Amino acid sequence: MTLSLPSDVVSSTTSSGQVVLFSSMDRYHALVAELKATGFEMAIDLCAVDYLTQPGRNLPENIAPERFEIVVNLLSLSARQRVRIRLQVPAGKPLVPSIFDLYPGVEAMEREAYDLMGIAFSDHPDLTRILMPDDWEGHPLRKDYGLGRVPVQFKEAPGPR
Amino acid sequence: MTTIDPTIRTVERSSTLSFETSEGRQEMTPRDETKPGELSKEAGAVLRLPEGGVLDPSQIDLERPDDETMIINMGPQHPSTHGVLRLMLELDGETVLRTKSIIGYLHTGMEKTGEELTYVQGGTNVTRMDYLSPLHNEIAFSLAVESLLGIEAPARATWIRMIMGELNRVSSHLLWMATNGLDLGSTSMMIYGWREREMVLTFFEKVTGVRMNHNFIRPGGSAADLPDGWEDDVTVICDTVEARTYEYDELLTGQPIFRNRIEGVGAFTAEEAIALGVTGPLLRSTGVPWDLRRSMPYLAYDQVNFDVIVGTYGDNFDRYAIRLNELRESIKIIRQCIEKMPSGDYRIQDAKVTPPPRGRIDESMEALIHHFKIFTEGFTVPEGEVYVPVESPRGELGCYIVSDGSSKPLRIHVRAPSFVNLQVLPLMLRGGLLSDAVACISSVDPVMGEVDR
């Protein structure tokens, strides 16, 4: 049994044999809801990618590359099928609708994406840092965040400069 | 808080920094200061009404005034929290009302580090994430890199990966049996679990040179072949551990004190587990027969016979029984691996990926160049992105790699099963006693190394 995927996605490709759907920002929540209704019961993974150093990457023609991407992996237990959604997130306004209301399990993953990549999720119940301390400045997984500039930081010490 | 519109952090806009980092505290707050969505999450209300975000009033007694409850802190130094997990619990007497787990105490930025390491070096990084099943991290990483490269490891390498992975599952479950025994006051079980695990780790040391953090399974195959006489070593491990699992049965399974501590405690349903993205023994304990080795086979798991162990009630006893029986199933797989182990290469004969044998370096200039290139700048991987999941002892361990065509990944993300599974804690603990919290944490089996990465 193979689940049929929505036909009105902006674009879809395969990467190493895995199905990838591309979504626009305003369609994102509806697309995930549609996929959930189709039979993808589980949101197995959500992460953010910073493409700052690779702006001209390989994308379908009708997808305008943006600096950030949100990547969601959905899984259907009944059909044993996976699908991946890639959502372009502009650097000027990194704000994405949360899919917490569809899949409560993405709560920690969205917080991680916010904490490490600085992408905010609207309607997330508790959007705080999850891995870094409360008072940390900046988002470490961003490509323009210096690596190893401040070896040890104490709460009293000045932040990374 | 005002509407969130964070913008990119730049030098000229440093004023946004104070806003960016004022998103609030991670700690649990009193009820009247907590938003409804967060409150329902901490109270373990997972399944929502279709409208979304609406708390079922019967699920939590909101009438209880704040001054009758107290918020206490448990961890990160608490010995039963398996590392540095910190919980904040709202208690009414000894009954848990709300739970919030606070993590990050072991965060070392391994995903960021992974972007600075070549694909050859990457194995040393990922193996340290889930330090109780390092070989599964290496398998997921290697399969992902191989998938991007479009190569496939030789048959013997695949079977070596399977046998090492299953031995690692045995050692991880044995360690869980040990620590679970310790958490519930059975110190004998703790000693027995360590004792049997030691046998497996000694074998790992013989094969890979180290007891943990092996970097043994690499893109293209494995670092070395299995040593002479490995069949005998593995057979002894199988025979001993299998016989000992029946001793554990006698020691724990039928023991009334042990059963009373875990039966019916921390139960949740299959719907709740699926909604929370929970995988592994936790999902199987609710009766969902989902095991990637069977459901979406990788390596050569479609060529071996084994049973997927499922529970019924989703309580701590089911999870104990599942892990105990998975020990036996893993041993079954290991025995089949010994029988079916093919001969041949243990790593792919592709000079671009595999370093040349030591003997060739002295004779061939080309081999020396390949050796030098692979260990300095590494091999390049075509542009692309791939997500490869494997079944680790704790659930679905996924590795998402984005390559920009260079010899280092643009992004390496590990979907850590413990990180996601921890979200089930508020649900498990709600309405239970504080002393059961210890049993529940143990039953989730979180490894903080992969939670925090």
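Nothing in this text is a laboratory measurement; each read-out follows from the coordinates by a stated rule. The model shown is predicted, which means the values in this text are computed figures rather than measured ones. Counting neighbours? That spans all protein chains shown, and the Cβs are built from the backbone with ideal geometry, glycine included.
Phi-derived couplings, Karplus 6.51 cos²θ - 1.76 cosθ + 1.60 at θ = phi - 60°, listed residue by residue for region B:405-411: x, 9, 8, 10, x, 5, 8 Hz, with x used for Gly and Pro. The alpha carbons of region A:3-150 occupy a box of 49, 34, 26 Å along the principal axes, longest dimension given first.
Full extension of the segment from residue B:250 to residue B:350, taken as 0.36 nm per residue of separation minus the current Cα-Cα distance, would add 30.8 nm.
When the Cα positions of A:132, A:73, A:28 are compared along the charge dipole of chain A, A:73 comes out farthest toward the positive end, with charges on each C-beta of Lys, Arg, Asp and Glu.
Inter-chain Cβ neighbour count for A:99-106, averaged per residue, equals 6 (cutoff 10 Å, partner chain atoms only). Rounded to the nearest whole Hz, the Karplus-based 3J(HN,Hα) values (6.51 cos²θ - 1.76 cosθ + 1.60, θ = phi - 60°) of region B:442-453 follow the sequence 4, 5, 6, 6, x, 10, 5, x, 8, 5, 8, 6, with x at glycine and proline.
Let me know the charge dipole size of the protein assembly as shown about its Cα centre in debye, to the nearest 20, where only the beta-carbon of Lys, Arg (+1) and Asp, Glu (-1) is charged. Value, rounded to 20: 1200 debye. Computed from Cα atoms, the angle from the helix A:28-38 axis to the main principal axis of chain A rounds to 50 degrees.
Of all lysines in the structure, the ones whose alpha carbon falls short of 16 Å from that of residue B:340, not counting any fewer than 8 places away in one chain, are B:332.
With the simple spin-label model, which puts each label point 7 Å out from Cα in the Cβ direction, the residue B:369 to residue B:325 separation comes to 5.9 nm. Tell me the GluC sites (Glu not before Pro) within region B:203-294 that lie in a loop according to DSSP and have at most 15 other beta-carbon atoms within 10 Å. Passing both the DSSP loop test and the Cβ count: B:263. Relative to the longest principal axis of the Cα atoms of chain B, the long axis of helix B:155-183 makes an angle of roughly 30 degrees.
For region B:359-453, the alpha-carbon radius of gyration amounts to 1.73 times the rule-of-thumb value 2.2 N^0.38 Å expected for a compact globular protein. Ellipticity at 222 nm from helices only: DSSP H runs of n ≥ 4 in the protein assembly as shown, each -39500 (n - 2.57), divided by the residue count, give -11000 deg cm²/dmol.
Would you work out the relative contact order for region B:74-147, in percent, from Cα pairs under 8 angstrom that are 6 or more residues apart? Relative contact order of region B:74-147: 16 percent. Ordered by the count of other Cβ atoms within 10 Å of each Cβ, fewest first, B:119, A:103 give A:103, B:119. A viscosity of 0.692 mPa s and a temperature of 37 °C, combined with the Kirkwood radius over C-alpha pairs in the Stokes-Einstein formula, give the protein assembly as shown a diffusion coefficient of 131 µm²/s. Does anything in region B:273-308 have its amide N under 12 Å from the 7 Å Cα→Cβ label point of residue B:339, and if so which residues? Inside the label zone: B:304-306.
Please name which of B:320, B:234, B:165 has its Cα lying farthest along the dipole of chain B towards the positive end, using unit charges on Cβ (Lys, Arg +1; Asp, Glu -1) and the Cα centre as origin. Positive-most Cα among the choices belongs to B:234. Measuring r between the beta carbons of residue B:406 and residue B:108 and using R0 = 22 Å, the FRET efficiency lands at 0.40. Look at where the Cα atoms of region A:1-55 and of region B:278-341 average out, and the two centres are 29 Å apart.
Would you mind checking the pairs B:112/B:408; B:352/B:408; A:143/B:373; A:143/B:352; B:206/B:373 and listing those with alpha carbons more than 23 angstrom apart? Checking Cα-Cα distances, A:143/B:373; A:143/B:352; B:206/B:373 exceed 23 Å. Under 16 Å between alpha carbons, and skipping anything fewer than 8 positions from residue B:100 in its own chain: which lysines qualify? Filter leaves B:35, B:41. Rounded to the nearest 20, the Cβ-based charge dipole of region B:110-452 about its Cα centre (Lys and Arg +1, Asp and Glu -1) stands at 240 debye.
Remark: region B:421-437, residue by residue, has Karplus-estimated 3J(HN,Hα) of 5, 4, 5, 7, 4, x, 5, 5, 7, 4, x, x, 8, 4, 5, 6, 4 Hz, where x stands for each Gly or Pro and the curve is 6.51 cos²θ - 1.76 cosθ + 1.60 at θ = phi - 60°. Going by neighbour counts of Cβ atoms within 10 Å, the residues B:41, B:373 line up, fewest first, as B:373, B:41. Once C-alpha pairs closer than 8 Å and six or more residues apart are averaged by separation and normalised to the residue number of region A:82-128, the relative contact order reads 37 percent.
Here the simple spin-label model places points 7 Å from the Cα toward Cβ, and for residue B:210 and residue A:24 these points are separated by 5.0 nm.
Taking the longest Cα principal axis of chain B as reference, the axis of helix B:365-376 is set at about 10 degrees.
The charge dipole of chain A, taken about its Cα centre with unit charges on the Cβ of Lys, Arg, Asp and Glu (plus for the first two, minus for the last two), comes to roughly 520 debye.
Between residue B:260 and residue B:240, how high is the FRET efficiency from 1/(1 + (r/R0)^6) when r is the Cβ-Cβ distance and R₀ = 30 Å? Nearest 0.05. Step by step, r from the Cβ atoms, then E = 0.50. By the beta-carbon count within 10 Å of each Cβ, the least crowded to most crowded order of B:110, B:162, B:129, fewest first, is B:110, B:162, B:129.
Note on A:44-57: average number of Cβ atoms from other chains within 10 Å of each residue's Cβ is 5. With contacts taken as Cα pairs under 8 Å and at least 6 residues apart, region A:11-122 reaches a relative contact order of 29 percent.
Given axes a ≥ b ≥ c from the Cα gyration tensor, I'd like to know whether chain B is rounded (a/c under 1.5), prolate (a/b larger than b/c) or oblate. It is oblate, given that a/c is not under 1.5 and a/b is not larger than b/c. Residues of region B:247-266 with an amide N closer than 20 Å to a point placed 7 Å from the Cα of residue B:188 along the Cα-to-Cβ direction: B:247-263.
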